[in-house]
Structure formats: structure tokens, C-alpha cells
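Peer 1: The structure that follows is given in the form of C-alpha cells.
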Amino acid sequence: MGQEVSAVPETTKPENLSERSLPAVADYIKSGKARKVVVLTGAGISTAAGIPDFRSPETGLYANLAALELEEPEDVFSLPFFKENPKPFYVLAKDLYPGKFHPTISHVFISLLATKGLLYQLFTQNIDCLERAAGVPADLIVEAHGSFASQRCIDCKTPYPDDKMREHVSRAEVPHCEKCNGLVKPDIVFFHENLPSLFFDRRHMAEEADLILVLGTSLTVHPFAGLPDLAPFEVPRVLFNMERVGSLGSQPDDVLVLGDCDTGVRQLASALGWREELEAEWRKLVGDEEADRQLEGSSKRQVELHDEVSQLVHDVDKVLHVHDVSSSGSSSPSPEAVAEKEPIAATQQEVQQNESASVKESVETTTTTLTEEVKVSGA
């Protein structure tokens, strides 16, 4: 189950689990000891749905945006840059907006936890609203980095109608406030903005958890990254991720399940005796065609994501040149904001920026290496 990278000696016995494995976690849940399950999710839970993440070296948005004339690729999601030129964000938003994508089986597993009365709180870094689409009750969700679920004027804070927002996003057009004509932005947390107050109001729930499940996050941006460490030392923590992150794997009751989230979740569901129910609920929700697409495998998804991200970056590049926005004219982020950012490449290598490279050159270089990368990258 990936325990070979655990920092805990094999001779150290767990305090609440019979052993550091998914069957032991399942036994712990079935025994009734897990009544307050806190789940933490990141972009890795949504990649099977076809949503590009932000920080993967090959298919991540930041890695590809690095080829554009931006002081930093994250500037598209920077509030100062947005105020100066919101068009690039809305070009990206057109392809990231909810409604185009369907929940993964991992999303439905979280919903199943809620149905069974076990989900205490879900904290997500994702802005895609797929947890809501999977049926997780809104009152059990903390969207730590905001979401596309609502929007408002950045000046007078007046909410903007959902239907009109959807129309503007579908055309990649910038909406303006009907009251003051200010810029409208989804309630997504940009750089230079604070996290929602709800995150801080409910952060204590991680301290009260009797089981922590972490799915598909690099755990590098605080304060979200500190949530797993708020739980008492003896509380089991389970990581479903491509690699070990944060402090997971350093405590006696930590279980590491390294690989794509959906595979690990299916293993836990099988151990719980929920597999058939989970699969049926998922297929009922997304339909057989979408379910089969998600099951086709990581290689095809990587190619699809690569093509999609390349097109997105190409579209943003055209907007930047039309508006003559270059790195010399963009607002520089504060030192504090830079310190809070995740690395552009959050896995095994730094993405090297080449300011003189065109988007075409970036795409061609990535394409020549994609086949070999897919073989080792997994889902």
C-alpha cells in the first residue's frame, strides 16, 4: 500500500489501527470508531474528470503558462493582474467552468460517507464544484480556495446573477457589475486575497476528527496544508496521492496509499464492503459513457489534458498580445504572496521558464517527451 516510504519504523505499532493498511482502516470504520471523518481534497481528485491541475510539470496550467509573457504564470490568478487585465482569466474560465466535467468515483465516495453519516467535514482546495455535483451536502463543504459557485463585484461586492455569469463565461467575456460597472470575479481566492472566513471558523473540526482522509493534494500551501497536523497524534490519517506529502507517513497510524486517488478509493470501498454500492451510485450519476471514459486509463487522459492545456495557453497568449500586456506592465506580487505560493512544479522537478520561447515551441517540446512521461507518471 505504499508503506515503503513511511518514516515510521516497521517495529512501531499503530495505536488505533491493527496495522498500517487499508483493510485495517476499513475495520476501524466498521467498528464504529470513525464517526467524525474529515476529508481534505486537492486537484488530484479531479484529474480523472478531465480537469487539468495547476502544477504538474507537463500538463499543469502553470507549467504551460510559463512560456507566456508574464512575470509569473500565476499572475493570471493574481488580483492586481486581474484588475489590470481580466480577459486572460476569463479565457481560462471558459474551459474550467462547472458543468463541463463530471464527478469521479472519489467524489462519490465522499458523498457516500455523508450519506452514511460519517462525514464530519470536507475541506477542499478545488474550485470545480464537483463535490457539490456528487451530492456532498453544501453545509459539509468548506471550499478553502473558493469556487465558481458564486460571484460578485470586486469593488462594491454586489453579487452577480448566476445565469448572466454563465453567459459571459461561455463567450470568454468579462462581466461588469450592474450597479457600479466594476469588474465581476467568481468567488475564487486569488493571490493577494484572504481565505474565506468559513475556513477559519471550521478549522477546529480537524482537531475533533477521529479519521483524516487526504486525497490528491500536494499540501504545500498554508494554512490548508496544516490541517492534517491539527488532529490528535493517535488519530489515523490516510493519504491517497501519487507521492508522500506533508507530514503524512510520520505517525504510527498513518497509512500511505500511493497511486491515483480513484484506485485507492476503490480499494478502501472494497475493504468496507461498499464497492458495489459505490460503483452503482457513480455510474447512475455520471452515466456509462462518462464512467467508461474515466476508466480508459491514465495514458489517454494525459494526452487529452496536454492537448487541452496547450489550447488554453494558446488562447490566453492571443489575448495577452491583443491587449499588449507584457511582463513589464504586469503588477508584481508582494513578497508575502510569493512566499505563500506553491512551487510551479510541485512534484519531482522545477519547470524551467524560457521567456523567449513561443507557445508553439513549448507545445512542440512537450509533445516530443509526452509518450515517455506518460509511461511513468500514472493517472
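Peer 1: Give me the extension gain from L183 to K100: residue separation times 0.36 nm, minus the current Cα-Cα distance, reported in nm with one decimal.
Peer 2: Numbers: separation 83, 0.36 × 83 = 29.88 nm, distance 2.44 nm.
Value of the extension gain: 27.4 nm.
Peer 1: Taking 7 Å along the Cα-to-C-beta vector as the label spot, tell me the E277-K83 distance in nanometres, rounded to one decimal.
Peer 2: 5.1 nm
Peer 1: To continue, here is another question. Can you give the charge dipole size of segment 80-201 about its Cα centre, rounded to the nearest 20 debye, using +1 on the beta carbon of Lys and Arg and -1 on the beta carbon of Asp and Glu? Numbers along the way, then the final one.
Peer 2: Working: 13 positive and 15 negative charges, 40 e Å.
So the dipole magnitude of segment 80-201 works out to roughly 200 debye.
Peer 1: In the structure displayed, which of K94/K157; K83/K185; K33/K116; K94/K284; K116/K284 lie more than 20 Å apart, Cα to Cα? Numbers along the way, then the final one.
Peer 2: Values: K94/K157 22 Å; K83/K185 10 Å; K33/K116 14 Å; K94/K284 27 Å; K116/K284 18 Å.
The answer is K94/K157; K94/K284.
Peer 1: By accessible area of protein heavy atoms, probe 1.4 Å, what ranking do R35, R152 get, highest first? Walk me through the intermediate numbers first.
Peer 2: On the way: R35 165, R152 80 Å².
The residues order as R35, R152, largest area first.
Peer 1: In nm, to one decimal, how far is the T115 label point from the E208 one, both placed 7 Å along Cα→Cβ?
Peer 2: Distance between label points: 2.6 nm.
Peer 1: What ³J(HN,Hα) values, in whole Hz, does the Karplus curve 6.51 cos²θ - 1.76 cosθ + 1.60 give for segment 190-206 when θ = phi - 60°, with x put for Gly and Pro?
Peer 2: 8, 4, 6, 10, 7, 5, x, 4, 4, 4, 6, 5, 10, 4, 4, 5, 5
Peer 1: Cut-off 14 Å, label point 7 angstrom out along Cα-to-Cβ of K30: give me the residues of segment 254-269 whose amide nitrogen falls inside.
Peer 2: The answer is 268-269, whose backbone nitrogens lie closer than 14 Å to the label point.
Peer 1: Tell me the label-point distance for the pair H222, N194, using the 7 Å Cα-to-Cβ offset, in nm and rounded to one decimal.
Peer 2: Between H222 and N194, the simple spin-label model gives 1.8 nm.
Peer 1: Put K87, K185 in order of accessible area, largest first, 1.4 Å probe: what do you get?
Peer 2: Details: K87 50, K185 10 Å².
So, going from the largest accessible area down, we get K87, K185.
The values are calculated or read from the model by the stated rules, or taken from the named source; none is laboratory data. This structure is a prediction, so every number in the text was calculated from the model and none was measured. All Cβ positions, glycine included, derive from the backbone under ideal geometry; neighbour counts span all protein chains shown. Only protein heavy atoms, including side chains, enter the accessible area calculation; ligands, DNA and RNA are left aside. Shrake-Rupley method; radii C 1.70, N 1.55, O 1.52, S 1.80 Å.
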